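Asks: Can you keep this structure in mind? I'll have questions shortly.
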Amino acid sequence: MGTLNLGSSGKVTGGDAEFTGKVTKPAHPYLLCQSNTGQQVPNNTNTILTSVFGNTRISQGGLSYNTSNGRITIPVAGLYRVRARVTDSNEGRWGNDHHFDVYLNGSAYQHVQLYYMPTGNWGTVWYCPSYVDIVVNCTSASDYIQFNFFQNSGSNQTLHSEFCSFEVYLIG
């Protein structure tokens, strides 16, 4: 392995750093969760997603998910990439005004999902997916992220117990 010379502040002080070998960051905040149970989303109700993402695959660097309140803890201030997907369990339709939102500290950070489900022929869209892909600016280590879902299909819907997932990680 090479040597990385740092200035007195502990940071690279100008120029390019060069080294050989692998860079591993086991303390870098990263969280990957997927569904292990369905969650009902009532008609015409903003619903914080809680239990649906109950299967934690990777949790490092202080990021964790609480299934009782749907909160993702933020261990350090910074920019976090947030990517998530939810799908309907019975191939139902979400209605005309559905949205999948990221909440920061209990308020909508970005209203309406950033990637809508495929439209086209309704008969060929399986499990009706909705996606979020956004960078969230968390300014404090006490911040928390949640996911909110709204649908107005005319009846209650259930999120799928296997085809929902999210990942959150610090990018800067």
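Asks: What list of ³J(HN,Hα) couplings, whole Hz, do you get for the stretch 144-150 from phi and the Karplus terms 6.51, -1.76, 1.60, once you set θ to phi - 60° and write x for glycine and proline?
Replies: Rounded to whole hertz, the list is 9, 10, 9, 10, 10, 10, 10.
Asks: In nm, what is the difference between 0.36 nm times the number of residues separating Ser155 and Ser64 and their Cα-Cα distance?
Replies: Details: separation 91, 0.36 × 91 = 32.76 nm, distance 3.21 nm.
Net length gain for the segment: 29.5 nm.
Asks: Let me check against my output: what whole-number percent is the relative contact order of the stretch 37-113, with C-alpha pairs under 8 Å and at least 6 apart? Please list the in-between numbers first.
Replies: Details: 61 pairs, mean separation 13.0, N = 77.
For the stretch 37-113, the relative contact order is 17 percent.
Asks: Quote the accessible area belonging to Arg71 in square angstrom, nearest 10, computed with a 1.4 Å probe and with ligands, DNA and RNA left uncounted.
Replies: 90 Å²
Asks: Can you send over the solvent-accessible area of Thr56, 1.4 Å probe, protein chains only, in Å² to the nearest 10?
Replies: Accessible area of Thr56: about 70 Å².
Asks: Given H placed on each backbone N at 1.01 Å, which residues far from Asn36 in sequence or on other chains put an amide H within less than 5 Å of it?
Replies: Those qualifying (amide H under 5 Å, at least 5 residues apart or on another chain) are Gly54, Asn55.
Asks: When the chain is fully extended, how far beyond the present Cα-Cα distance does Ser107 get from Arg57, taking 0.36 nm per residue of separation? Don't jump to the answer; show the numbers that get you there.
Replies: Working: separation 50, 0.36 × 50 = 18.00 nm, distance 2.67 nm.
Using 0.36 nm per residue and subtracting the Cα-Cα distance, I get 15.3 nm.
The values are calculated or read from the model by the stated rules, or taken from the named source; none is laboratory data. Nothing here was measured: the structure is a model prediction, and the numbers come from that model. Ligands, DNA and RNA are stripped out before the accessible areas are found, and what is left, the full protein with its side chains, is counted by its heavy atoms. Shrake-Rupley method; radii C 1.70, N 1.55, O 1.52, S 1.80 Å.
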